[in-house]
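One structure is given here, and the rest of the page talks about it.
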Amino acid sequence: MPNVRFAPFDRTIECAEGVPILSAALSQGYFLRYGCKHGGCGTCKALVIEGDIEDSGSSFALTHADRSDGWTLLCSSQPLSDCVIDISAMGLTDEEFQAGDQVETFETMIERVTDLTPTICGVTLRLVNPPEMRFTAGQFVNVEVPGADGIRAFSMANAPSADSEIELIVRLFPGGRFGEYLKHAEKGQVIRVSGPVGSLRVRLSYRKIIMIAGGSGMAPLLSMLTDLTEKNDRRPVTVFFGARTCDELYYIDRLKALCSLSAHAEFVPVVQDAGDDWNGERGLVTDAIARRMHSLRGYDAYLCGPPPMVEAARALVIQLGVRDANAYFDAFVPTGVAPPSAPAAETSTARP
Ligand SMILES: Cc1cc2nc3c(=O)[nH]c(=O)nc-3n(C[C@H](O)[C@H](O)[C@H](O)COP(=O)(O)OP(=O)(O)OC[C@H]3O[C@@H](n4cnc5c(N)ncnc54)[C@H](O)[C@@H]3O)c2cc1C
Ligand code: FES
């Protein structure tokens, strides 16, 4: 059975065949940062210093360049030999690392389910036990869909100040278990969630901010925008929101109202197939960004939505001047099933 040693803490665990490194570490009483546990979010990224690892995480959570540089996703990797893995990038103290898994499970009750568009709904869950959840704007929870296998990741859309509820924005896929469940859900039904997890959050900086959302990807950005407004943060923010048709835009008044509270915030909805009565931006969200933002030097970028949108928007903002390290994103890679649009990469990472 291979051993995995974690730097810089100099602790070693045994990892049985078929068990991901993350699960082995959690079950042996150590804590590592994680999110979706499915190779989709990138929270559990760590650097392989020595040894061979097999990694099946998605290419959205870990780019090809990251893999070539030796990074791996601990939730979806297994050691092929004894290894040394540097987890410094998780920013844990020795105490946190040794404290074991602190992610809590919460019992919630459905408060409301609202149709926001023909394919997206808003869900409010009231926290019952424990009755409050502290989180950072941008994080997500793992939802246990009643009657379905596995867990699904959904980002909080509410700001952390509303800590007795969880507001979600959920895209409904044909045959998608959570969407099917929500169609018949009633107020008071119990749903278990665990969290908060994930590493997307507004970074402290003097840079301006560009936020780019597609579909239900507005959820974490709405949370972050509300939080920035509540904290009277004065950084200039431009929010681009892309939809295929006008019907697929939602929370427009809410977003406009948030942006109107700051002289430095601008909201730009962008519709791909708009009728003659639409007088806003048209085309793909990336077309509108390229038209309006000639340079993004000195910006932090926060991107969220379907993987192809995130990939295209990330490439564009970097081309326009955002530093690679300042482009933060959550790609909504499906967490309940094998990713259809982002084939899992089977990679073996070998370090000297
Ligand atoms: C970090 C993170 C945060 C996320 N946050 C959100 C969020 O806030 N809101 C949200 O709506 N989703 C979010 N997701 C995606 C979410 O976790 C689910 O995977 C997704 O909504 C599908 O769940 P389901 O139960 O409806 O479908 P499942 O029952 O898991 O899948 C059923 C069918 O739906 C299809 N399907 C599922 N997802 C997709 C997709 N993306 N594209 C095409 N077909 C698909 C599959 O082909 C499958 O056949 C997030 C994902 C990650 C990794
Ligand atoms: S927890 Fe590993 S990629 Fe999400």
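The values are calculated or read from the model by the stated rules, or taken from the named source; none is laboratory data. It should be emphasised that the depicted structure is a prediction, and the values quoted were computed from it without experimental measurement. Here the Cβ positions follow ideal geometry from the backbone for every residue, glycine too, while neighbour counts run over all protein chains shown.
For this structure, a couple of remarks:
- Across segment 296-315, not a single residue is classified as more than 30 Å from LEU62 (Cβ to Cβ) and modelled with pLDDT under 95.
- Residue, farthest from CYS36 (Cα to Cα), within segment 161-204, restricted to residues that are touching a strand residue (DSSP E or B) at 6+ places or on another chain (Cβ under 9 Å) and in a helix (DSSP H, G or I): LYS183
- Scanning segment 188-222 for residues that are more than 12 Å from the chain's Cα centre (by Cα) and of a type outside the set (A, V, I, L, M) yields GLY188, GLN189, ARG192, SER194, GLY195, ARG203, SER205, TYR206, ARG207, LYS208, GLY214, GLY215.
- Only one entry of ALA257, ALA274, ALA213, ALA219 meets the criterion of being in contact with a Pro (Cβ under 9 Å, 6 or more places away or on another chain) and either not in a loop (DSSP other than H, G, I, E, B) or not charged (D, E, K, R) (or both), and that entry is ALA213.
- Residue that is at positive phi and within 16 Å of ligand 2 (Cβ to nearest atom), where the choices are GLY215, GLY175, GLY188, GLY198: GLY198
- Scan of segment 97-121 for residues that are surrounded by fewer than 17 Cβ atoms within 10 Å (Cβ to Cβ), touching a residue at least 24 places away in the same chain (Cβ under 8 Å) and more than 21 Å from the chain's Cα centre (by Cα), ordered by number: GLN98, ALA99, GLY100, GLU107, MET109, GLU111, ARG112, PRO118
- Residue that is hydroxyl-bearing (Ser, Thr, Tyr) and either at pLDDT below 95 or in contact with a helix residue (DSSP H, G or I) (Cβ under 7 Å, 6 or more places away or on another chain) (or both), where the choices are SER164, SER223, SER205: SER205
- Strands (runs of 3 or more DSSP E) completely within segment 40-112 that count 1 or more residues being over 25 Å from CYS304 (Cα atoms) and modelled with pLDDT of 90 or more: 45-55, 77-79, 83-86
- Some residue of segment 323-345 being at pLDDT 90 or above, away from ligand 2 (no atom under 16 Å from the Cβ) and buried (at least 20 other Cβ atoms within 10 Å of the Cβ): yes
- If you go through segment 122-160 and keep only what is hydrophobic (A, V, I, L, M, F, W, C), outside any loop (DSSP other than H, G, I, E, B) and either under 18 Å from the mean Cα position of the chain (by Cα) or within 16 Å of ligand 2 (Cβ to nearest atom) (or both), you end up with VAL123, PHE140, VAL141, VAL143, ILE151, ALA153, PHE154.
- Checked against (1) surrounded by fewer than 24 Cβ atoms within 10 Å (Cβ to Cβ); (2) within 17 Å of GLY198 (Cβ to Cβ), HIS38 passes all but a single condition, namely (1).
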